[in-house]
Amino acid sequence: MGKITILVVEDEAAIQQLVSYNLIKAGFHVTCADNGEEALECLLQETIDCVLLDLMLPGMGGLEVCETIRRNSEKNGRYIPIVMLTAKGEEEDIVEGLEYGADDYVTKPFSPKVLIARIKAVLRRSYEKQKQEEDDQGTIVVGELEINKGRHEVMLQGELLHLTMTEFGILALLASKPGWVFSRQQIIDSVRGYDFLITPRAIDVQIFGLRKKMGDFGTLVETVRGVGYRFKSIS
């Protein structure tokens, strides 16, 4: 397998060189673009595995570039992780970036080591998401519970459960490996595609709602104190 290729979209030469140097040092292959139009052209010409995108670009802005990449990924079926790298670090800027389709947000000034770690994290999540999507048409059956991932339907004792997207994602994750304990962070990473703003506290609330909808079978979703949650093994 060849090296992972990172597209660095940054108009400031000094920052572009600094980021490229550290990415190459970390074992990545790097392609650079000075503006949004050049970045989109690179994506057409090369196989890019991750985009490091500045928000404040000349001409086509970073948010528009991000939105275009996401729109194109829906057409060609290939998801490319995007990490925004920018001086705009206010909460509303971060939320806006995530809403436009970014996978993570790093503010300037930044630590090269932290930046590399964040890139590796989004690449890992992207790989796991791809594996999950490849198995989306599968069905999980545990006892009287049947989860059809292709249809996003859950049947319990032959009755349809009306779950939110996040509740469905959590249940499908836990039921895929009965007895396996998932930390709150693992659950957050798994369902991140449904809601970027999910927090550990929000996971607890979702679990509470899920158990309530499952009625007496809600006890199958067990709390492992200090760790997270698991789906009870059924012998």
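Restricting attention to the range 7-28 and to residues that are assigned to a loop (DSSP other than H, G, I, E, B) and at negative phi, the residue that is surrounded by the fewest Cβ atoms within 10 Å (Cβ to Cβ) turns out to be GLU12. Could you tell me whether ALA175 is at pLDDT 80 or above, part of a helix (DSSP H, G or I) and exposed (fewer than 14 other Cβ atoms within 10 Å of the Cβ)? Judged against the criteria, ALA175 is not a match.
The values are calculated or read from the model by the stated rules, or taken from the named source; none is laboratory data. Remember, it's a predicted structure, so these values are computed and weren't measured experimentally. Backbone-built Cβ (ideal geometry, glycine too); neighbour counts: all protein chains shown.
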